[in-house]
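The values are calculated or read from the model by the stated rules, or taken from the named source; none is laboratory data. Please read all numbers here as calculations on a predicted model, not as lab measurements. We place every Cβ from the backbone using ideal geometry, glycine too, and count neighbours over all the protein chains shown. Calculation scope for accessible area: heavy atoms of the full protein, side chains included, ligands and nucleic acids excluded. Shrake-Rupley method; radii C 1.70, N 1.55, O 1.52, S 1.80 Å.
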Amino acid sequence: MQEFEQNQEYLESVLQLPCPSCGGELSYSASKQEINCNHCGFVKAFEQANDMVQEKSLESAAQQMQQFSPKTIQKKVIDCGNCGAQIMIQDDEVSVRCNFCGSEKVNEKAMDQNLIQPQGIIPFMVDKQSAKDKFSEWIKKGWFKPNKLKTLAALGDVHGIYVPFWTYDAKTFSNWTGEAGFHYYVTESYTDSEGNSKTRQVKKTRWEYRSGSFDKFFDDVLIVASKGLPHKVITPIYPYELDKVINYNNDLLVGWEAEIYSLDVMEGYGVADEQMDVEIRRIAKSQLGGDTQRGLRVNSQKWGQTFKHIILPVWLCSYIYNDKTYQFAVNGQTGKINGSKPVSWVKVASLVLFIIVLIAVIYVASNQ
Ligand SMILES: [Zn+2]
Ligand SMILES: [Zn+2]
């Protein structure tokens, strides 16, 4: 009896959107950018507001984290509200699909496995067909790709995934010291092996000690919160137009894959902190100036850190060429694509050979 009650409670947290008009299923359509029924065309409006997408204090999140004990992930059985079949799901699985009737649901409780709930989302703007078109366009480009790639690359399943992200803001102040080197040339006299006196230009460096300081405000440093998605796959499809983030809404997830974060807010901040340091050092280097530099030391203070937890759309896919799997990603908002491509070693070798011949020709020509 008690078990039954638990299941009932759980069932209520699985979201499905029956069409009020025909009883079919509603889901978010990327091509139309609306929640609709693909049977009868009924459209359900969704809120476009963004008042819930607000900066939160990182310090208080860090304190809350100390008291938060993550639940152990368990498997549970739910009843499919559509066909009545029983579905086994895991607590942290966001998207649920009934294997019997194919109906899609959102496990709203999956979000509760984590301390922090998503505040904002950018709904998919690029649909599946457009993502595939981007792939065909992209696979044709590139100097070193094998000629047959275009026709032989077997496209795998294209997944539209709502990926969890953190954005971080921070105020920073930095002091730096270092030496800027300026090159200059002096004319030196010397005697060659035959006893003739000659002159030559010699490069010297004048070093100048410098120091400075600057303020830098970091706004929305974007960090992917999924451990399964490498940075090198995701960062090249940046930027996202973050001013288009709207309030998080579970309805938008129906029919799509989604993930809860696996990199927590403090781990994510660690990554953001390193990125900020790289940027701070870049600014210090440009302020130090000179033709060359040495001994640059930078001291920074960061404070007032805030974060947001948002969900962004990504198309993920792999393709197979010559028995090897290559991955690519498409920005689900802008359509920007990135991925790896096989290299034709014959073409690379030909280019290297061509360059060697060219150098040889120039060398011979200049010595005549
Ligand atoms: Zn309908
Ligand atoms: Zn079902």
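When the chymotrypsin sites (Phe, Trp or Tyr not before Pro) in the stretch 99-135 are filtered for DSSP coil states and for at most 15 other beta-carbon atoms within 10 Å of their beta-carbon, the remaining sites are Phe100.
Taking a ≥ b ≥ c as the square roots of the Cα gyration tensor eigenvalues, the chain comes out oblate, since a/c reaches at least 1.5 and a/b does not exceed b/c. A DSSP coil position with no more than 11 other Cβ atoms inside 10 Å describes the following GluC sites (Glu not before Pro) in the stretch 154-235: Glu194. Taking 20 °C and 1.002 mPa s as conditions, the stretch 153-195 diffuses translationally at an estimated 107 µm²/s according to Stokes-Einstein applied to its Kirkwood radius (Cα pairs). Count the net charge of all other residues whose Cβ sits under 9 Å from the Cβ of Val43, scoring Lys and Arg as +1 and Asp and Glu as -1. Summing Lys/Arg as +1 and Asp/Glu as -1 gives +1. When the trypsin sites (Lys or Arg not before Pro) in the stretch 311-360 are filtered for DSSP coil states and for at most 16 other beta-carbon atoms within 10 Å of their beta-carbon, the remaining sites are Lys336.
Database remark: amide H of Lys336 closer than 5 angstrom to the amide H of Asn331 (H placed geometrically; neighbours at sequence offset of 5 or more, or on other chains; Pro and chain starts carry no H). Once you order the gyration tensor axes a ≥ b ≥ c over the Cα atoms, which shape class does the stretch 217-287 get: rounded for a/c under 1.5, otherwise prolate or oblate by comparing a/b with b/c? Here the stretch 217-287 falls in the prolate category. Prolate is the label for the stretch 153-280, because the ratio a/c of its alpha-carbon gyration tensor axes (a ≥ b ≥ c) is 1.5 or higher and a/b is greater than b/c. Can you tell which of Gly195, Gly304, Gly268 shows the greatest fluctuation in a Gaussian network model of the chain with Cα springs below 10 Å? Most flexible of the set in this elastic network: Gly195. Put a plus charge on the Cβ of each Lys and Arg, a minus charge on the Cβ of each Asp and Glu, and nothing anywhere else: the dipole of the stretch 195-296 about its Cα centre is then about 1580 debye.
Take the residue pairs Lys141/Lys341; Lys132/Lys232; Lys75/Lys105 and return only those whose Cα atoms are more than 19 Å apart.
Lys132/Lys232
GNM on the chain, alpha-carbon springs under 10 angstrom: the most fluctuating residue among Phe68, Phe165, Phe328 is Phe68.
Heavy-atom accessible surface of Ile359, to the nearest 10 Å², is about 110 Å², with a 1.4 Å probe and all protein chains retained. Considering only Leu312, Leu26, Leu288, the mean-square fluctuation computed in a Gaussian network model of the chain, springs between alpha carbons under 10 angstrom, is largest for Leu288.
Could you work out how much longer the chain between Trp138 and Arg200 gets when fully extended? Use 0.36 nm per residue separation minus the Cα distance between them, nm to one decimal.
Numbers: separation 62, 0.36 × 62 = 22.32 nm, distance 5.25 nm.
Here the answer is 17.1 nm.
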